[in-house]
1. Where the second residue is open to solvent by 50 Å² or more (accessible area, probe 1.4 Å) and within 11 Å of the ligand (Cβ to nearest atom) and the first is within 19 Å of Phe798 (Cα to Cα) and lies in segment 821-839, which pairs have Cβ atoms under 8 Å and are six or more apart or on separate chains?
2. Looking only at residues that are near the ligand (Cβ under 6 Å from one of its atoms) and over 26 Å from Gly796 (Cβ atoms) in segment 878-888, which one is modelled with the lowest pLDDT?
3. From the list Ser216, Ser178, exactly one residue is out of contact with any helix residue (DSSP H, G or I) (no Cβ under 7 Å at 6 or more places or on another chain), at pLDDT 85 or above and not charged (D, E, K, R). Which is it?
4. Filtering segment 725-770 down to residues that are polar (S, T, N, Q) and under 30 Å from Ala691 (Cβ atoms), which residue is farthest from the ligand (Cβ to nearest atom)?
5. Could we say that Ile414 is open to solvent by less than 70 Å² (accessible area, probe 1.4 Å) and at pLDDT 90 or above here?
6. Would you mention how many residues in segment 798-819 are within 16 Å of the ligand (Cβ to nearest atom) and touching a strand residue (DSSP E or B) at 6+ places or on another chain (Cβ under 8 Å)?
7. So in segment 897-917, with the set limited to residues that are open to solvent by less than 40 Å² (accessible area, probe 1.4 Å) and in a strand (DSSP E or B), which one is farthest from the ligand (Cβ to nearest atom)?
Amino acid sequence: MHNDFFKHMIDGSSAGYACHRIICDEKGIANDYVFIEVNSAYETITGLIRSDIVGKKVSDVMPVISKCESEDIQFYGDIAINGGKREFEHYFETLQRWYKVSVYSPQKYYFVKQYIDITKEKGQLSEMERLVEISEELLQINEQNIDYQKVLDDFLNICGAKYAVFNLFGDSGENFTSVAISGDKGILKKAQEMLGFKLENKSWEQDPVRLDKIKSGTITRFHSLKELAGYSLPLPLIALLERTFNIGEIVLIKILKNNIMLGDFTLIMERGKGFDKDTVAELFTRQLGMVISRKRAEDVLHQEKLFTEALLDSIPGYLYVYDESGRLIRWNKKHEEMTGYTAEELSQMTLAKWFEGEDATRVAAAAEEVFRTGYGEVEADLRIKGGNKLHVLSNGVRLNIAGKSYFTGVGLDITQQRKDEEELRKIEAKQKTMISNISDVITIVDKDGIIQYKSPNIQKLFGWNQDELVGLSYLDTAHLEDKDHLQREFNELIFSDDRTVINTEYRYKNKNGSYSVVELTAINLLRNPDVNGILANYHDITDRKRANEALKTSEEKYRLITENASDVIWVLNLSKNKYTYISPSILHLRGLTVEEAMNESLEDSLTPESLVVVRDAIAINMHNIINNTGAYSYFISEIQQPYKNGDFIWVEVSVKYSYNADGDIECVGVSRNIEERKKAEAALLFAKNKAEAASSAKSQFLANMSHEIRTPMNGFMGMMQLLEITPLTEEQKEYIRISKTSSNILLAVINDILDYSKIEAEMMELEKTSIHISEVLHDAVGLSLLSATKKGLIVGSFIEEDIPIKLIGDPFRLRQVLSNLIGNAVKYTNRGRIDISVRKVSLLNKRVKLEFEVKDTGIGIPPDKIDILFKSFNQVDNSNTRKYGGTGLGLAISRRLVELMEGEIWVYSREGEGSSFYFTCVLETDDFFEVRRRI
Ligand code: ADP
């Protein structure tokens, strides 16, 4: 009975039961078990059939499992052998249910497994777990993006509703928006089609009846859609919806925070299925209320923050907040942009790090002032990232928050502003310097003529202080006689168009009372807003005026001179081939009026011969002046011009060529009548020619006569020599000696006269034969050596080495010149010495120029006599003839001979000390010598 009772009880139990016996190996360790008995619930739960398993080993029934679950066998063996009770949960996939499995041993080696369905409990539990999980998720939701759809989907799952709508209320609470809708997507689509509008993001008006209904409590139940929306939707539509979608109970769960309704979940249950998740829903919506309200608050805060940031970023400068230790704790975006530092870097910044040197000191002082007085301002160079600097102007105020002091303010980058200011200052300074340095005074007067401005140079130029005249009328400094015209011109300017310019001259009063003539230029700038007056500049032209006056006077003077001069003064423009001026004396010169003369061409005014001369002169001078050769463009020439009556007159013209002011070449000339001079010259020439002819005839005669005299003289001297060798008394011998000496002297005189006459009559011709300078010198010295020795004089001679040995010329005439000079030297020297030397001056083109010197220590020549030495028949002292003898022809002949030899003769002499006679001559040399010298 008992057994049956239990058997029935177990068989009828919804819990599954299975009884097993454990099988152990020889060591007593469990390695298998046998199914003894199972009930029908077990069969249902496990899907095993009683007849298939009872009496069988588990290793046979579920070979795979048993192997895998050898640990389970151990587990069961332990309970079967050692007793005790164990429990665990097992999920049967096929049934999709949870079971609590209890294992216990009713008897050694036996164990029972009991299966109790815990699916429901398990479900509730997992619901709670899920709720906690969702809550946690909700709490962690990023306020910026609550995923309303996900929240609603979760909620739908928890509550087991068919559809759900998530409504959020507006701030005023008067309307709400459906932010999400959950449920079968296809059905929802269909519903929306029927409704004719989209549910998602649909805005609804709050319905007062509905509002009244949901007033109390968190959860409000509506039995039908009609009850919920009967006021907002047409009833037939509601009925249709209810039918089509099988809509049952509708539950509205408010989302509250501090009794303020933020929104709701509207759950639509399937017909016949009631809502029973009140606690869960309440919990969920409370959590959500917290999240939403937090999100809203944060939204507001975030908006506020964005607004403040935008505000701070819109400040034109960089904003900063430093704490009392000088650490930068807040700043705006501009601070990062302007300094180039990242927020990270700025957070490490201190006030002191921005500035250097003197700036650092000033900024520190300003910061200190801010903390002390509440306000401060400073201008300094702020060092930004990369080492560059910004010139900043910063003001700071003290900020007291929660008992702590801060220093906040805005810095402005005024680098460009300072640069601009500096540039402006420079320009102003430059303008000032320019204004004070130009030679014009600049002034501005208003429309009433009152002086508004004077440039500083008025002091330097007219003696007035810069501001002394400001406020006075411009007429106050004008000369009484000039005021009228000045005022007239001023009025004209005032009433004229904008920017009209006038120029005028007037007498301007200096500070010292004197007047200067000024030239003034004024412009009407009344409409120019910067000037708004008449701008004028003026400068002193007194000196220029004076110079002009002087020029006029001097022009007048020269005009008078020109007009009244007896010479004709004229100007010929060569570029235009026209006379531009002829002085009136032309009438006197050529019998023409000025007008007649001006109309003449150059050709008309000259004889054909003179035209040639003049044209040549013009050509040369034009060339010189155009090519700027530096040759003096001035010439004087004698020309012939026609007189009015057809005669020709001689005229001397002096002409100066130059460019005139127009750039034309013109010549200014002076013409003088030289008719009388020409006549005198002609007479003189005639007389000269006559005299020369007479002189030449005389020379000719003398030459002939000398020759004629010399022939009988030679005869006479020959007879004397014959007479000398006859037997004579001593007395006779003496007479003959004297006769010989006298005849020698006479012969010398005759020779001189002959030579001279020959030269004068141009009958003297030079020979061309070879010359040995040493021989010539030797012979010349030899002639005077006896006399020199007699007088006890030393005679020396010297020939420079580089003189060619072989030369060609006239040795006889060269010796004549030399012997004459040596003879004179011996003659006029009583003691001392005579030195003769020869040197080469030049050698060019086979022609050698030699210089001879004959130097004595004799009586010398007085300076006033030197000039006449080389003229014929001249002796320094007439007594010389008596004392020293001689004709006074020697030096004259020598000069002529030297000239014939292309040379010159001159003397240096000092009375009582001696004389040096020099002469040069040109001789030819032979090729051979030149070649030799070159090598
Ligand atoms: P003369 O035949 O009279 O010497 P010159 O023509 O040779 O004629 O000389 C002219 C004059 O120059 C000489 O009379 C002499 O008064 C002066 N005279 C020439 N040579 C010398 C000399 N070496 N020393 C001083 N007087 C000289």
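The values are calculated or read from the model by the stated rules, or taken from the named source; none is laboratory data. Bear in mind that the values here come from a model prediction, so they are computed numbers and not experimental data. Glycine gets a Cβ as well: all are built from the backbone with ideal geometry, and neighbour counts include every protein chain shown. Quick note on the areas: whole protein, heavy atoms, side chains included, nothing else; ligands and nucleic acids left out. Shrake-Rupley method; radii C 1.70, N 1.55, O 1.52, S 1.80 Å.
1. That search, which allows pairs on different chains as well, returns Ala825/Lys855; Gly832/Thr857; Arg833/Thr857; Ile834/Lys855; Ile834/Thr857; Asp835/Lys855; Ile836/Lys855; Ser837/Lys855.
2. Restricting to residues being near the ligand (Cβ under 6 Å from one of its atoms) and over 26 Å from Gly796 (Cβ atoms), the top hit is Thr887.
3. None of the other options fit; the residue is Ser178.
4. The residue in question is Ser757.
5. The answer is no for Ile414.
6. Total meeting the criteria: 2.
7. Narrowing segment 897-917 to residues open to solvent by less than 40 Å² (accessible area, probe 1.4 Å): 897-898, 901, 903, 905, 907, 909, 914-917.
Next, from what is left, pick out any that are in a strand (DSSP E or B): 905, 907, 909, 914-917.
Details: Ile905: 11, Val907: 8, Ser909: 7, Gly914: 8, Ser915: 5, Ser916: 9, Phe917: 7 Å.
Step by step, filter segment 897-917, then rank; the result is Ile905.
Here's the yes/no breakdown for (1) at pLDDT below 85; (2) open to solvent by 80 Å² or more (accessible area, probe 1.4 Å); (3) over 23 Å from Thr415 (Cα atoms); (4) not in a strand (DSSP E or B):
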site: Leu311; (1), (2), (3), (4): yes, yes, yes, yes
site: Gln348; (1), (2), (3), (4): no, yes, yes, yes
site: Ala367; (1), (2), (3), (4): no, no, no, yes
site: Gly396; (1), (2), (3), (4): no, no, no, no
